[in-house]
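As C-alpha cells, the structure follows; a few thoughts come after it.
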Amino acid sequence: MATQGHKGRRRRSTRAEMQQLEQQIVDLLEAENPQTVRHAFYRMTDPRLPVPAEKTESGYQQIKRSCLDLRRSGRIPYGWIVDTTRRGYHVAEYSDPGSFLDQVAGLYRGQLWTPDEPLVEVWVESRSIAGVLQADCRRLAVSLYPAGGFASVSLVYEAAQEIQSRARDRVLVLYVGDYDPAGVTIDQSIETELRRHLDIPLEIRRLGINADQIERYSLPTKPRKASDKRRPDIRATVEAEAMPAHIMRRLVTEAVEAYLPAQRLAAVQAAEESERRSLRMLGSIVRLRGVGAVLSDVA
C-alpha cells in the first residue's frame, strides 16, 4: 500500500498505516475464514476502511505479504488462508486394522440425497473459489468442480460419466465465476459440453457474479481489456473473489439447501455421529482382539 505524494510520486506507507492494514486483515479473517489471499485483497480495497489497499497489482502483493507476515508471526492461524491451486498427494498407512476403522469412521457419510431428488453440483471458475466453498460442499454432500477457466473436455466428460453413474432423473449445476467477457460464457461452455454426454435433463444456474450483484454488494470493479472484443456491453469487470466469502458461501448454501427437505440435514448428521461411534467401537475391538477373532465371532 502506498499513496500519491508530492508531484504524483508514490509515498511509502507509514508504520501506523501498515499496522492498521494488518489489523483490518486480522479482523476480517477472525470474522470469516478460511479465505484466499485474493478474497482478502478485495475486501481490503473497500474505500470505507480506515486504510484501504490500492486496487492494483502492487496492492495485491502488499496484502499477500501482510498475510504471510501475520501467519508467520502467529497473529492468524495458517489455516485461515487457503490455496487450493497447489496440493500434495498422499498415501495413507495404518499400524493395524483397528486404526484403519478409526479413519473410516471419520470419513463415513450417510445418504443425504435420495435417488428421486436432483443431482446437485457446484462448478466454479477457479481453484481459488473452490477453496472457499469446499467445506460447505462437503457438508452438503455435493460435488465441487473447479473448471480452471474454460473447462477441459476431459474434465467435463469425466464429470458427465460420474453424473450418469448416479442414476438420477435430472441434474442441477450451480456456477460461480468472474463477470467479464470470458467469464460470462464459461458456464455456457460447460453446459454445452455436458449436454454432449448426458441424456437426462440438465439445468445450469449462474449464482454469481451477475450484473445486479455488483451494485447490490458494492463489488470493486476494474476496466475490461481493451483488446477483448467479446461482449461489448460489459464495460467493467469483477473477479469472483471480489464477492465477500460469507456472501458467496450463503448464496451457494441457500441454493443447495433449497432442494433438501427441511430438517433432513440435521437428521442425517445425527445418525452419522451415532454410526461413527459404532465404527470407532468396532475399531477398538479389532485392535484388542484382532481381525481373525472378530470375524470368528461373526461367523
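Name the most mobile residue of 267, 226, 240, meaning the one with the largest mean-square fluctuation, in a Gaussian network model of the chain with Cα contacts below 10 Å. Looking only at 267, 226, 240, the biggest GNM fluctuation is shown by 226.
Please report how many Lys pairs in the chain have alpha carbons closer than 27 angstrom, counting only residues at least 8 apart along the chain or sitting on separate chains. Show your work: numbers first, answer last.
Details: 7/55; 7/222; 55/64; 55/222; 55/225; 55/229; 64/222; 64/225.
The result is 8.
When both bridge partners sit in the chain, DSSP labels roughly 25% of those beta bridges antiparallel.
DSSP assigns beta bridges within segment 111-264; of those with both partners inside it, close to 15 percent run antiparallel. Heavy atoms of the protein chains alone define the surface here; on that basis the chain has 56 Å² accessible area per residue at 1.4 Å probe size.
Taking every alpha-carbon pair under 8 Å whose residues sit at least 6 apart, segment 140-197 reaches a relative contact order of 50 percent.
Considering only protein heavy atoms and a probe of 1.4 Å, how much of the accessible area of the chain is carbon and sulfur, as a whole percent?
Values: 8720 of 16690 Å².
It is 52 percent, rounded to a whole number.
Contact order, relative form, for segment 68-184: 29 percent (alpha carbon pairs under 8 Å, 6 or more residues apart, mean separation divided by residue count). Of the peptides 141-154, 101-114, 34-47, the ranking by mean beta-carbon count within 10 Å, highest at the top, reads 34-47, 141-154, 101-114.
Where (1) 1.41; (2) 1.22; (3) 1.07 are the candidate values, the label of the one calculated here for Cα Rg over 2.2 N^0.38 Å is (2).
Once you've got the GNM for the chain with C-alpha springs shorter than 10 Å, pick whichever of 244, 118, 223 has the biggest mean-square fluctuation. Greatest mean-square fluctuation among the candidates belongs to 223.
Helices of the chain meeting both criteria, an alpha-carbon length of 30 angstrom or more along the long axis and an average Kyte-Doolittle score not below -1.0, with helices taken as full DSSP H segments, are 264-289. Look at the alpha carbon pairs under 8 Å that are at least 6 residues apart: their mean separation over the length of the chain gives a relative contact order of 20 percent. Counting 0.36 nm for each residue step from residue 253 to residue 31 and taking away their Cα separation leaves a gain of 78.1 nm. Think of it as helices only: each DSSP H run of n ≥ 4 in the chain is worth -39500 (n - 2.57), and spread over all residues that comes to -15500 deg cm²/dmol at 222 nm.
The values are calculated or read from the model by the stated rules, or taken from the named source; none is laboratory data. Note that this is a predicted model, so its numbers are computed, not measured. Glycine also receives a Cβ, built like all others from the backbone with ideal geometry; neighbour counts cover every protein chain displayed. All accessible areas refer to the heavy atoms of the entire protein, side chains included, with ligands and DNA or RNA removed. Shrake-Rupley method; radii C 1.70, N 1.55, O 1.52, S 1.80 Å.
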